[in-house]
1. Tell me which residues, restricted to the stretch 342-364, are closer than 23 Å to S227 by Cα, out of contact with any Cys (no Cβ under 6 Å at 6 or more places or on another chain) and either at pLDDT below 90 or hydroxyl-bearing (S, T, Y) (or both).
2. Testing A416 on (1) touching a residue at least 60 places away in the same chain (Cβ under 8 Å); (2) of a type outside the set (D, E); (3) surrounded by 14 or more Cβ atoms within 10 Å (Cβ to Cβ), one condition comes back false. Which one is that?
3. Within the stretch 91-137, track down each residue that is on the phi < 0 side of the Ramachandran plot and small (G, A, S).
4. With under 27 Å from T203 (Cβ atoms) and touching a residue at least 60 places away in the same chain (Cβ under 8 Å) as the only criterion, which of N119, N46, N79, N65 stands out?
5. Test each condition in (1) over 23 Å from K109 (Cα atoms); (2) modelled with pLDDT under 90; (3) assigned to a loop (DSSP other than H, G, I, E, B) for Q443 and report the one that comes out false.
6. Consider I309 against the criteria (1) assigned to a loop (DSSP other than H, G, I, E, B); (2) over 30 Å from F213 (Cβ atoms): it satisfies all of them except one. Which criterion is unmet?
7. Under the condition of being of a type in the set (A, V, I, L, M, F, W, C) and touching an Asp or Glu at 6+ places or on another chain (Cβ under 8 Å), which residue from the stretch 78-129 is farthest from F11 (Cα to Cα)?
Amino acid sequence: MKKKNPVFNFFSSVKLALFTLCLLAFTSIIGTIIPQKESIDWYIHNYSEITARIFQVLSIPDMYNSWWFLGLLTLLSINLIVCSIDRFPGVWKQVKADNLATDLKRLSKMRLTSSWVSNKSEEELATDISNRLAGKGWKTEQRRRDDSLLLFSQKGAITRTGVYIVHASILVIFIGAIIGELYGFKASVMLPETQATSTAFETGTGKSIDLGFTVRCDRFDIEFYDSGMPKAYRSKLTVTENGKVTQVKNIVVNDPLTYNGITFYQSSYQGYQDFLLTITDQKTEKSQTITLPFQQQQTLNDNSRIGVINAEAMGQSISRMKIWFKDDQGPASTFWINAGDQVTVERPGKKYTIAGKQVYATGLQIARDPGVWVVYIGCGLMILGLTVAFFMSHRRIWVLIAKENNETTVLITGSANKNKTGFETSFDALSKELEADTSNGKQ
């Protein structure tokens with residue numbers, strides 16, 4: 001027997017696979033516990049200067065892109081490929097094996113066997129048994145072997161490849177991750193209400209990224225608990241491309257907007273000391289929306305003037321504001337309005353609807369990952385492979401029919417590569433049923 005190359009043996013080793021998987025699991029725990037892609041000052045402040053320097057040397061702040069973590073993934077990939085190359089041909093040989101050429105002496109020595117005699121001819125028995133097996137999903141083949149007739153049937157031969165489907169799924173997931181790393185990005189932007197942007201800033205590097213279209217924050221709304229903690233918040237985003245509105249969506253946490261393969265996630269917000277006011281003349285139905293700094297006056301299109309002269313806050317969020325409003329008729333009106341609400345203001349000969357709220361900027365996490373569907377396919381393959389590997393088995397049945405004196409003997413035997421106890425139960429029930437249908441009552 002030819003001795004295998006020691007390098008080939010090393011890379012096809014199951015021990016290497018287990019070692020690499022354990023090391024990847026351990027390092028992934030570290031990457032989960034220690035926040036990633038923070039500044040060096042952040043690590044110095046939260047750990048210590050010495051620890052922060054060690055983190056930098058070991059690339060802990062960007063561990064999943066470090067040379068040693070990628071090296072572990074490469075080692076695991078090589079191990080899976082070499083292992084599959086080494087073992088798959090033997091498995092495929094079993095799948096495609098000519099089981100009708102099985103040594104007849106070996107059949108009687110198998111663990112699961114049952115035999116009986118019949119006064120029917122070999123051909124009659126072969127037909128009856130084949131039909132019975134076909135009715136239970138066992139498609140049979142037969143071949144004349146010396147003075148005997150051998151029938152064979154099997155189920156789940158392809159299930160022997162389950163572990164290699166898992167191997168392939170891991171490699172497909174890695175390929176998807178590589179595609180995402182090479183051609184995707186993760187970025188963020190803080191976008192104030194009524195403003196638009198066509199660029200984002202890459203996470204970690206701050207590099208400017210051209211989105212290829214414009215996204216605008218039309219409105220940001222937030223709800224608070226009585227304690228002042230944020231309860232829920234949402235952003236109304238409008239996407240425009242080549243001067244045309246192509247998509248409008250209200251996004252909340254876990255319900256992002258996706259356009260041209262780029263996904264916008266609601267992640268944070270920031271409150272400003274400015275106010276967003278909408279003034280509508282109820283008679284003409286003309287509206288004007290303005291952004292107004294605190295305690296500053298602004299003239300509107302109809303020469304009326306408005307300003308926010310006082311405000312009440314809950315934490316950093318404005319809950320109520322006092323508005324000063326004057327048109328060309330009579331003294332100014334002052335009134336309070338809850339953030340996000342509207343009031344009707346009566347002036348001599350006119351009525352206005354005024355709505356107001358604090359100006360916020362919506363914090364958006366932006367990601368493009370063209371490899372995500374490859375990863376999904378890999379995950380699907382992994383589920384399939386694990387199902388095949390753990391819950392399905394290769395089951396085989398041989399039936400040997402031989403003429404002895406004036407009687408015909410029947411020997412049925414079977415095997416399964418997994419779940420042997422379950423197969424034994426079904427084999428016993430099957431053999432008893434076949435015996436009852438084809439025997440002449442003698443063992």
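The values are calculated or read from the model by the stated rules, or taken from the named source; none is laboratory data. Everything quoted here is computed from the prediction, not taken from an experiment. Cβ atoms come from the backbone with ideal geometry, glycine included; neighbour counts cover every protein chain shown.
1. Our first condition is that a residue be closer than 23 Å to S227 by Cα; within the stretch 342-364, this holds for 356-363.
Filter once more, keeping what is out of contact with any Cys (no Cβ under 6 Å at 6 or more places or on another chain): 356-361, 363.
Within the stretch 342-364, just Y360 meets the criteria.
2. The failed condition is (1).
3. Filtering the stretch 91-137 for residues on the phi < 0 side of the Ramachandran plot gives 91-136.
Once the filter is applied, which keeps residues that are on the phi < 0 side of the Ramachandran plot and small (G, A, S), the stretch 91-137 yields A97, A101, S108, S114, S115, S118, S121, A126, S130, A134, G135.
4. Values: N119 fails: under 27 Å from T203 (Cβ atoms); N46 fails: touching a residue at least 60 places away in the same chain (Cβ under 8 Å); N79 fails: under 27 Å from T203 (Cβ atoms).
Answer to the check: N65.
5. The number of the failed condition is (1).
6. The one condition I309 does not meet is (1).
7. Within the stretch 78-129, the subset of a type in the set (A, V, I, L, M, F, W, C) is 78, 80-83, 85, 88, 91-92, 95, 97, 100-101, 104, 107, 110, 112, 116-117, 125-126, 129.
So of that shortlist, the ones also touching an Asp or Glu at 6+ places or on another chain (Cβ under 8 Å) come out as 100, 104, 112, 116-117.
Working: L100: 36, L104: 39, L112: 38, W116: 51, V117: 54 Å.
So, considering only residues that are of a type in the set (A, V, I, L, M, F, W, C) and touching an Asp or Glu at 6+ places or on another chain (Cβ under 8 Å), the one farthest from F11 (Cα to Cα) is V117.
For every residue, the table says whether it meets (1) closer than 19 Å to L191 by Cα; (2) hydroxyl-bearing (S, T, Y); (3) in a strand (DSSP E or B).
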{"residue": "R234", "(1), (2), (3)": "yes, no, yes"}
{"residue": "T238", "(1), (2), (3)": "yes, yes, yes"}
{"residue": "I251", "(1), (2), (3)": "yes, no, yes"}
{"residue": "I279", "(1), (2), (3)": "no, no, yes"}
{"residue": "N303", "(1), (2), (3)": "no, no, no"}
